[in-house]
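The values are calculated or read from the model by the stated rules, or taken from the named source; none is laboratory data. Note that the structure is a prediction, hence the values are computed from the model and not measured. Heads up, the Cβs are rebuilt from the backbone with ideal geometry, glycines too, and the neighbour counts pull from every protein chain shown.
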Amino acid sequence: MDRITVHMVGWHDGEPLLRALRETVFMREQNVPAELEWDGLDEHCRHALALDAGGNAIGCGRITPDGHIGRMAVLREWRGKRVGSALLEALLEYAHSQGYAQVVLNAQVQALPFYRRFGFEEEGDEFMDAGMAHRRMRLRFQL
């Protein structure tokens, strides 16, 4: 695997890189409208930012104050190289360190197996978000 690092950052520290990643993955690749992508929550979240060995942003994710993980994005050329795993591990470590009893997320259905590997379990029915099928998932931490 190519060497990557993941940093937990605030929105103001990482905004240009986080914004560029999400615009590339969500808005351009997946056609998510800007009004859905920019929901006004970013300033209140902690963000995981993955960088390659050259310091280039290659992936991101966020966790809200109430324990909702989302906006997981990895550049196409970095998919399948454990970047998503490193991002999710950083977000889960952060949640655990902050005393969260559980975290939830809305996973695109093709990503369900990825999240299951980390112990997430599906809840409820499939639903559409930004034109893509999703399922709610939850992970309870062992206390």
Residue count, segment 38-55, condition under 19 Å from G80 (Cα atoms) and within 14 Å of the chain's Cα centre (by Cα), comes to 3
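Residue-wise test of (1) at pLDDT 95 or above; (2) under 10 Å from the mean Cα position of the chain (by Cα); (3) surrounded by 22 or more Cβ atoms within 10 Å (Cβ to Cβ).
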position	(1), (2), (3)
A57	yes, no, no
C60	yes, yes, yes
D66	yes, no, no
I69	yes, yes, yes
G80	no, no, no
A86	yes, no, no
E89	yes, no, no
L92	yes, no, no
Condition first: more than 26 Å from P33 (Cβ to Cβ) and surrounded by 14 or more Cβ atoms within 10 Å (Cβ to Cβ). Now tell me which residues in segment 123-140 satisfy that.
R138, L139
The listed residue being closer than 30 Å to Q142 by Cβ, basic (K, R) and either touching a residue at least 60 places away in the same chain (Cβ under 8 Å) or touching an Asp or Glu at 6+ places or on another chain (Cβ under 6 Å) (or both), out of R82, R62:
R82
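One line per residue, one yes/no per condition, for (1) under 18 Å from H134 (Cβ atoms); (2) modelled with pLDDT of 95 or more; (3) exposed (fewer than 15 other Cβ atoms within 10 Å of the Cβ); (4) among the acidic types (D, E):
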| residue | (1), (2), (3), (4) |
| --- | --- |
| R28 | no, yes, yes, no |
| D42 | no, yes, no, yes |
| Y100 | no, yes, no, no |
| Q108 | yes, no, no, no |
Being within 15 Å of the chain's Cα centre (by Cα) and not basic (K, R) is the filter; apply it to segment 114-143 and report the residue that is farthest from E93 (Cα to Cα).
H134
